[in-house]
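Encoded as structure tokens, the structure appears first; notes follow it.
The values are calculated or read from the model by the stated rules, or taken from the named source; none is laboratory data. All of these numbers come straight from a predicted model, not from anything done at the bench. Cβ placement follows ideal geometry from the backbone for every residue including glycine, while neighbour counts extend to all protein chains displayed. SASA here: full protein model, heavy atoms, side chains in, ligands and nucleic acids out. Shrake-Rupley method; radii C 1.70, N 1.55, O 1.52, S 1.80 Å.
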Number of protein chains: 2
Amino acid sequence: VSSDLSVEGVHFRRAWLADAEIGYRAAAAALSDLAAMAAEPVGVLVSLAGSSGGASLVAVHAGVAEAARSVGAAVLGGDTSASPGPLIVDVVAVGRAATATLRSGARSGDELWVTGELGGSAAALEILQGGGSPGAELRDAFARPVPRVSEARWLAERGVLRALIDLSDGLVGDAGHLAAAGDVRIVLDGRAVPVAAAAATALGPGRALDAALYGGEDYELCFAAPAGSVRGDDFRRRFDLPLTRVGTVEAGAGVWLRSADGRVSEPERSGFDHFAGPV
Amino acid sequence: VSSDLSVEGVHFRRAWLADAEIGYRAAAAALSDLAAMAAEPVGVLVSLAGSSGGASLVAVHAGVAEAARSVGAAVLGGDTSASPGPLIVDVVAVGRAATATLRSGARSGDELWVTGELGGSAAALEILQGGGSPGAELRDAFARPVPRVSEARWLAERGVLRALIDLSDGLVGDAGHLAAAGDVRIVLDGRAVPVAAAAATALGPGRALDAALYGGEDYELCFAAPAGSVRGDDFRRRFDLPLTRVGTVEAGAGVWLRSADGRVSEPERSGFDHFAGPV
């Protein structure tokens, strides 16, 4: 069971997203938490508080339902209230797994992998915050993230997931969660990070890599697997999605970054701070 | 799984409740939904949004945890966010039951019963809204309702629960839910309603009865049982709590009220409207 709380003015602005997208995005974030445990979604509960009452809350709710349907989950219930304040969407996702995959199993010698391309959502947000309009691909990365439920279960069934997380805080931040939970050190290879091409085009390669490392809300999977165990080609064919080895697990602590010149150093900053908020 | 959303200025005012009570009350409401299914609580998730950040949200969270502990449930997780608007508390309660007791099983000939005393919470609210100070007993009914989890399971184990609900919308409103779900008519006996003595003292008997019938948020249980099946004395000894027969289930539809002169008529109004809000 996992919950995700979205607050207007903190996690999104209504000028940036249609009401249905606000609901879809909040639900996708909660469902991504199930993917992060390789769980099968059962359903979601959605609580909405907002000042506008009728039509708009209906549209938010419809977006939640659409995200749930996309991964075979039902809307199990929820609560709605008038509120004098910002629109607030709290989605709780309920799933099941015979054995949950945890954050804590990474061991020295494992490889670190990520699904998909990173940085698109943060690049879109940066453009929106600057008053610009992201292209369709970047906007979709921000507004319609895909919870990697099927991908996680496929990987779990193949027994390769020693430790798993979804990327909500940026690769550096979430790799840091895996490192802390597993009591290991993770070294990321900056050159290997699969930066979203549209982000690199829009922001240039340096800022796009920053968006991937520190930006957050990509909702891709990041996992540690025993060396040589991952059959990337099978995955890519099955899901039409990149699967990229981005680092290694070592003895030690923390997250380190190998740059283009081969030097390993501590990252400039940590992950995304949800309490401070992006907007 | 059930959720309950509390919004400052809609469901409560901070002047009326300590921060911990705000959390306790929200959690009690969600846990009462589990009692209404005769389910065993497993845990709660709590999402908090508020403008004050630190200490106050910690106190709200502690109140949620206290309510959970009181019924043997754990805090399983949740989410917290800064919010420029009112304090918002969303509690999701997760429970389990081999077979859930539903609202829909009332049959013609059944008896309608309620636990505890009614109207205390609404009486306290009425006094607070008028700028007064309710006495300790009424204030507790409002600020620290007890989810009737053990009581519901005890009744379920004895096989007497044909249909069950918790009283969040007032006796008339919630009996109406049982009537609609069971496709039956329920006749309440106004003289039998166990009006909280402190409410009658504070408001007078007529307004106190109105608080019990229409006021809401008592979080007592209301259930239909086969005629003659309920052993009230055993219940009262076990829980030190009243158990009162307040009506009968008949063929037909809707909720009807038998007044002191024996006449049966439709109630003046329906239950509590959560969207309009009490404050």
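Considering only strands (runs of 3 or more DSSP E) fully contained in the stretch A:217-267, which possess at least 3 residues that are within 21 Å of A:Leu102 (Cβ to Cβ), touching a residue at least 60 places away in the same chain (Cβ under 8 Å) and touching a Leu at 6+ places or on another chain (Cβ under 7 Å)?
Values: elements: A:221-225, A:243-250, A:254-258.
Correct list: A:221-225, A:243-250.
Looking at the stretch A:175-219, which of its residues are under 22 Å from A:Phe142 (Cα atoms) and in contact with a Phe, Trp or Tyr (Cβ under 9 Å, 6 or more places away or on another chain)? It would help to see each step written out before you state the result.
Taking the stretch A:175-219 as the starting set, the residues that turn out to be under 22 Å from A:Phe142 (Cα atoms) are A:175, A:193-219.
Matches in the stretch A:175-219: A:Tyr214, A:Gly215, A:Gly216, A:Glu217.
For the structure I just gave you, tell me whether B:Ala100 is assigned to a loop (DSSP other than H, G, I, E, B), farther than 30 Å from B:Arg14 by Cα and within 14 Å of another protein chain (Cβ to nearest Cβ).
Details: assigned to a loop (DSSP other than H, G, I, E, B): yes; farther than 30 Å from B:Arg14 by Cα: yes; within 14 Å of another protein chain (Cβ to nearest Cβ): yes.
For B:Ala100, the condition - assigned to a loop (DSSP other than H, G, I, E, B), farther than 30 Å from B:Arg14 by Cα and within 14 Å of another protein chain (Cβ to nearest Cβ) - is met.
Can you go through A:Ala251, A:Ala197 and tell me which one is open to solvent by 20 Å² or more (accessible area, probe 1.4 Å), out of contact with any helix residue (DSSP H, G or I) (no Cβ under 7 Å at 6 or more places or on another chain) and farther than 22 Å from A:Ser108 by Cα?
Numbers: A:Ala251 fails: farther than 22 Å from A:Ser108 by Cα.
Selected residue: A:Ala197, the only one of A:Ala251, A:Ala197 that is open to solvent by 20 Å² or more (accessible area, probe 1.4 Å), out of contact with any helix residue (DSSP H, G or I) (no Cβ under 7 Å at 6 or more places or on another chain) and farther than 22 Å from A:Ser108 by Cα.
Quick test for you: out of B:Arg236, B:Arg245, pick the one residue that is closer than 21 Å to B:Arg107 by Cβ, at pLDDT 95 or above, touching a strand residue (DSSP E or B) at 6+ places or on another chain (Cβ under 7 Å) and basic (Lys, Arg). Let's see the steps before the verdict.
On the way: B:Arg236 fails: closer than 21 Å to B:Arg107 by Cβ.
The match here is B:Arg245.
Which of the residues spanning the stretch B:200-219 are open to solvent by less than 10 Å² (accessible area, probe 1.4 Å) and within 21 Å of B:Glu151 (Cβ to Cβ)?
B:Ala212, B:Gly216
Of all residues in the stretch A:1-30, count the ones that are within 14 Å of another protein chain (Cβ to nearest Cβ), among the hydroxyl-bearing types (Ser, Thr, Tyr) and under 23 Å from A:Gly132 (Cα atoms).
Residues that pass the stated criteria total 1.
For the stretch B:81-91, give me the residue count where each residue is under 12 Å from B:His61 (Cα atoms) and facing chain A (nearest Cβ under 7 Å).
2
Can you give me the number of residues within the stretch A:152-192 that are farther than 17 Å from A:Ala253 by Cβ, assigned to a helix (DSSP H, G or I) and open to solvent by less than 20 Å² (accessible area, probe 1.4 Å)?
4
Out of the residues in the stretch A:254-276 meeting the condition of being buried (at least 16 other Cβ atoms within 10 Å of the Cβ) and modelled with pLDDT under 90, tell me which one is farthest from the other protein chains (Cβ to nearest Cβ). Lay out the reasoning, then the answer.
Residues of the stretch A:254-276 buried (at least 16 other Cβ atoms within 10 Å of the Cβ): A:255-258, A:267, A:271-272, A:274.
Cutting the leftovers down to modelled with pLDDT under 90 gives us A:267, A:271-272, A:274.
Working: A:Pro267: 25, A:Gly271: 16, A:Phe272: 13, A:His274: 7 Å.
If we take residues in the stretch A:254-276 being buried (at least 16 other Cβ atoms within 10 Å of the Cβ) and modelled with pLDDT under 90, then A:Pro267 is farthest from the other protein chains (Cβ to nearest Cβ).
With A:Ala82, A:Ala136, A:Ala93 as the choices, which residue is in contact with a Pro (Cβ under 7 Å, 6 or more places away or on another chain) and over 20 Å from A:Leu171 (Cβ atoms)?
On the way: A:Ala82 fails: in contact with a Pro (Cβ under 7 Å, 6 or more places away or on another chain); A:Ala136 fails: in contact with a Pro (Cβ under 7 Å, 6 or more places away or on another chain).
Answer to the check: A:Ala93.
Of the residues A:Val94, A:Val71, which is within 14 Å of another protein chain (Cβ to nearest Cβ), open to solvent by 10 Å² or more (accessible area, probe 1.4 Å) and in contact (Cβ under 8 Å) with a residue 60 or more places away in the chain? Break it down into steps so the answer makes sense when it comes.
Values: A:Val71 fails: within 14 Å of another protein chain (Cβ to nearest Cβ).
That would be A:Val94, the only listed residue that is within 14 Å of another protein chain (Cβ to nearest Cβ), open to solvent by 10 Å² or more (accessible area, probe 1.4 Å) and in contact (Cβ under 8 Å) with a residue 60 or more places away in the chain.
Out of the stretch B:31-59, which residues are more than 11 Å from chain A (Cβ to nearest Cβ) and modelled with pLDDT under 95?
Of the residues in the stretch B:31-59, the ones more than 11 Å from chain A (Cβ to nearest Cβ) are B:31-32, B:34-41, B:52, B:55-56, B:58-59.
Within the stretch B:31-59, B:Ser52, B:Ala55, B:Ser56, B:Val58, B:Ala59 qualify.
So which of B:Ala20, B:Ala59, B:Ala65 is in a helix (DSSP H, G or I) and touching a strand residue (DSSP E or B) at 6+ places or on another chain (Cβ under 6 Å)?
Numbers: B:Ala20 fails: touching a strand residue (DSSP E or B) at 6+ places or on another chain (Cβ under 6 Å); B:Ala59 fails: touching a strand residue (DSSP E or B) at 6+ places or on another chain (Cβ under 6 Å).
Among B:Ala20, B:Ala59, B:Ala65, only B:Ala65 is in a helix (DSSP H, G or I) and touching a strand residue (DSSP E or B) at 6+ places or on another chain (Cβ under 6 Å).
In the set B:Gly77, B:Gly105, B:Gly95, which member is assigned to a strand (DSSP E or B) and under 22 Å from the mean Cα position of the chain (by Cα)? Before you say what the answer is, go through the steps one by one.
Values: B:Gly77 fails: under 22 Å from the mean Cα position of the chain (by Cα); B:Gly105 fails: assigned to a strand (DSSP E or B).
Residue meeting the stated conditions: B:Gly95.
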